[in-house]
1. How would you classify segment 116-217 from its alpha-carbon gyration tensor, with a ≥ b ≥ c the square roots of the eigenvalues: rounded for a/c under 1.5, else prolate if a/b is greater than b/c, otherwise oblate?
2. Give the shape of segment 536-656 as rounded, prolate or oblate, defined through the alpha-carbon gyration tensor: a ≥ b ≥ c are the square roots of its eigenvalues, a/c under 1.5 means rounded, and otherwise the shape is prolate if a/b is larger than b/c and oblate if not.
3. Using a 4.7 Å cut-off between beta carbons, which cysteines in the chain end up with no partner cysteine at all?
4. Taking segment 362-460, which GluC sites (Glu not before Pro) meet the DSSP loop condition and have no more than 12 other C-beta atoms within 10 Å?
5. Of the chain, which part is the longest with no trypsin sites (Lys or Arg not before Pro) in a loop (DSSP not H, G, I, E, B) and with at most 10 other C-beta atoms within 10 angstrom?
6. Once the dipole of the chain is set up with Lys and Arg at +1 and Asp and Glu at -1 on Cβ about the Cα centre, which of 561, 520, 82 lies farthest towards its positive end?
7. Using DSSP to define loop residues, name the GluC sites (Glu not before Pro) in segment 148-256 whose beta-carbon has at most 15 other beta-carbon atoms within 10 Å.
8. Under the Karplus relation 6.51 cos²θ - 1.76 cosθ + 1.60, θ = phi - 60°, what is the ordered set of whole-Hz ³J(HN,Hα) values for segment 555-569, x standing for Gly and Pro?
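Every read-out reported here was derived from the displayed coordinates using simple, explicitly stated rules and does not represent laboratory data. Here the structure is a predicted model, which means the values were calculated and not measured. Reconstructed Cβ throughout: ideal geometry from the backbone, glycine too, with neighbour counts over all protein chains shown.
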Amino acid sequence: MSDIETLKQENRIFNPPAEFVKNATISGMEAYKAMCAEAERDYEGFWARHARENLEWHKPFTKTLDESNAPFYKWFEDGQLNVSYNCLDRNLKNGNADRTAIIFEADDGKVANVTYAQLHERVCRFANGLKSLGIKKGDRVIVYMPMSVEGVVAMQACARIGATHSVVFGGFSAKSLQERIIDAGAVAVITADEQVRGGKHLPLKAIVDEALGMGGCEVIKNVIVYQRTNANVGMVAGRDLKMQDVLANQSATCEPEWVDAEHPLFILYTSGSTGKPKGVQHSSGGYLLWAMLTMKWTFDIKPTDIFWCTADIGWVTGHTYIAYGPLAVGATQVVFEGVPTYPNAGRFWDMIQKHKTTIFYTAPTAIRSLIKAADADANVHPSKYDLSSLRLLGTVGEPINPEAWMWYYRNIGRENCPIVDTFWQTETGGHMITPLPGATPMVPGSCTLPLPGIMAAVVDETGNDLPNGQGGILVVKRPWPSMIRTIWGDPERFKKSYFPEEFGGKLYLAGDGSVRNKDTGNFTITGRIDDVLNVSGHRMGTMEIESALVANQIVAEAAVVGKPDETTGESICAFVVLKRARPTGDEAKQIAKELRDWVAKEIGPIAKPKEIRFGDNLPKTRSGKIMRRLLRVLAKGEEITQDVSTLENPAILEQLKQAQ
Ligand code: WTA
């Protein structure tokens with residue numbers, strides 16, 4: 001039975017604990033259904049009410065949704081606000097000034113607390129510093145930072161002055177960074193001398209220098225360097241500045257730049273099915289609204305909570321559930337610099353115990369690798385830690401297999417914490433389909449039901465609704481406030497990728513397959529339906545990796561497919577044809593290593609193929625099309641049972657069977 005078949009038959013149901021239901025913001029299924037009904041009845045009214053109740057507007061909006069230029073939807077268009085004001089100043093006014101905003105734990109275990117008043121001051125000083133460099137509303141600023149308070153400060157400071165940030169994950173290579181700088185047309189880069197993870201120091205500033213040295217980045221006027229380790233890094237006179245110098249002598253207050261609700265808060269690059277990463281553009285008003293509502297609904301956030309999202313600010317999860325959502329609702333959150341396995345694989349559990357974390361949000365890959373570690377070493381087993389502070393658990397980024405779900409539920413939640421399996425995407429801005437912890441009966445491996453106001457459905461290739469029980473394409477039928485607004489600089493690609501004509505141009509296409517349970521209507525995500533891979537929750541395009549491989553001068557052709565992996569969900573398997581004879585034995589191993597390192601340089605270490613197989617050719621149809629379907633079967637190590645009669649060169653399959 002395939003994994004999906006197993007999932008479809010998953011019938012264990014776990015009801016939220018009665019105590020949780022009693023105190024929950026959305027308490028019980030009737031409350032959930034009533035909210036869904038309100039949204040159905042008066043869609044715009046529903047969103048307008050929440051936008052008025054949750055955001056502080058400098059100038060109130062009068063129009064909720066403008067669909068006249070669909071799919072370029074506009075929300076709260078004539079309203080004005082500032083995201084940083086809503087996240088910081090509002091807390092100062094609400095009596096939260098001395099409340100801890102961030103509990104920062106460094107890689108080496110050192111802890112530093114930052115209150116809302118302190119965070120506000122640091123953001124204001126830095127915002128003034130950015131202004132003093134001439135950075136202004138509408139400018140794009142790249143943030144290439146380690147997990148740090150300063151990373152959050154950088155993002156908030158951009159928001160404060162109306163500059164659009166584009167955070168690039170610290171694991172991306174110089175080449176990837178350069179491409180993003182050019183595409184965004186950024187005027188400055190905010191970075192650090194080094195990042196520290198798992199006891200290792202990794203250069204960030206040196207990578208920025210390398211990226212800028214590649215050319216095409218002449219628009220960058222300044223590089224601002226946060227000194228994390230005080231490592232000796234090269235500073236280009238007139239261009240590079242230390243963050244502390246940018247902050248020095250700046251005023252501790254900074255009048256926010258009031259922007260229109262649709263003003264682009266950020267651009268975040270993500271992988272699509274074609275080669276070039278897409279700059280997903282998000283708004284200010286609609287985005288922040290959903291960040292807040294999902295903090296309240298999905299995470300049931302309360303003033304007594306210690307919230308911890310383990311994502312990196314380089315991904316969308318770190319944007320919505322570290323840099324914006326928790327601050328906008330005045331929560332106290334843990335921000336962690338390091339990795340889950342250092343100094344040992346008990347680090348997460350130790351930190352939950354130490355900080356009395358109440359809500360813990362992480363990725364299935366992390367859970368799976370910690371299950372393995374706990375099995376191997378009793379000292380890092382969660383049973384060795386006091387996890388009694390926890391009241392809610394969450395997962396994100398990839399499907400969670402029922403076994404990992406059960407382990408998480410039993411060993412971390414001690415069968416007393418609901419698990420919210422949150423399905424969403426860079427493009428959706430926040431959660432879309434997820435259990436509500438005080439309402440929805442949970443089923444391991446299913447993200448259950450859409451949040452109120454999210455009109456998710458499963459349709460066939462022509463956009464028609466499919467009955468429950470039948471697998472199809474996941475779509476969203478109505479625009480929602482935090483949705484992607486466009487692809488930066490490429491509106492046509494935005495339309496084609498997400499609102500294709502085949503579906504009438506009106507349905508948002510998530511790129512995932514899904515099936516709904518016959519009885520409950522619960523959604524289960526069956527995986528991507530395009531050429532996007534999900535390795536450890538990191539999104540990567542197969543074409544992106546193929547382009548990187550063929551950019552190497554010894555490579556003639558390459559095809560990349562995903563292969564199921566016990567820990568990382570999927571792993572990358574590359575089939576490569578060299579310009580020279582097919583290598584075997586040690587030589588093949590050597591070249592495979594060189595190509596892996598090459599990909600790490602072209603994209604980043606996260607894109608390194610786990611497996612590389614060499615062939616004299618790739619399986620192709622007579623018209624020259626590579627048959628990836630067959631490559632997927634080969635990668636899994638399964639026998640080919642499909643019809644191969646249309647293949648030009650069936651003999652090649654035998655050769656590609658062998659892993660090196
Ligand atoms: C996958 C991460 C199953 C899905 C927030 C989606 C999931 C892609 C889940 C987006 C989940 C995310 N269950 N699959 N709970 N969450 N995915 O843009 O394939 O990095 O399209 O956003 O991850 O990845 P992205």
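1. oblate
2. The shape class here is oblate.
3. 36, 87, 158, 217, 309, 417, 447, 573
4. 415
5. Segment 111-578 is the longest.
6. Result: 82, furthest along the dipole toward the positive end.
7. 218
8. Those phi angles translate into 9, 8, 7, 8, 9, 10, 9, x, 10, x, 9, 4, 9, 8, x Hz.
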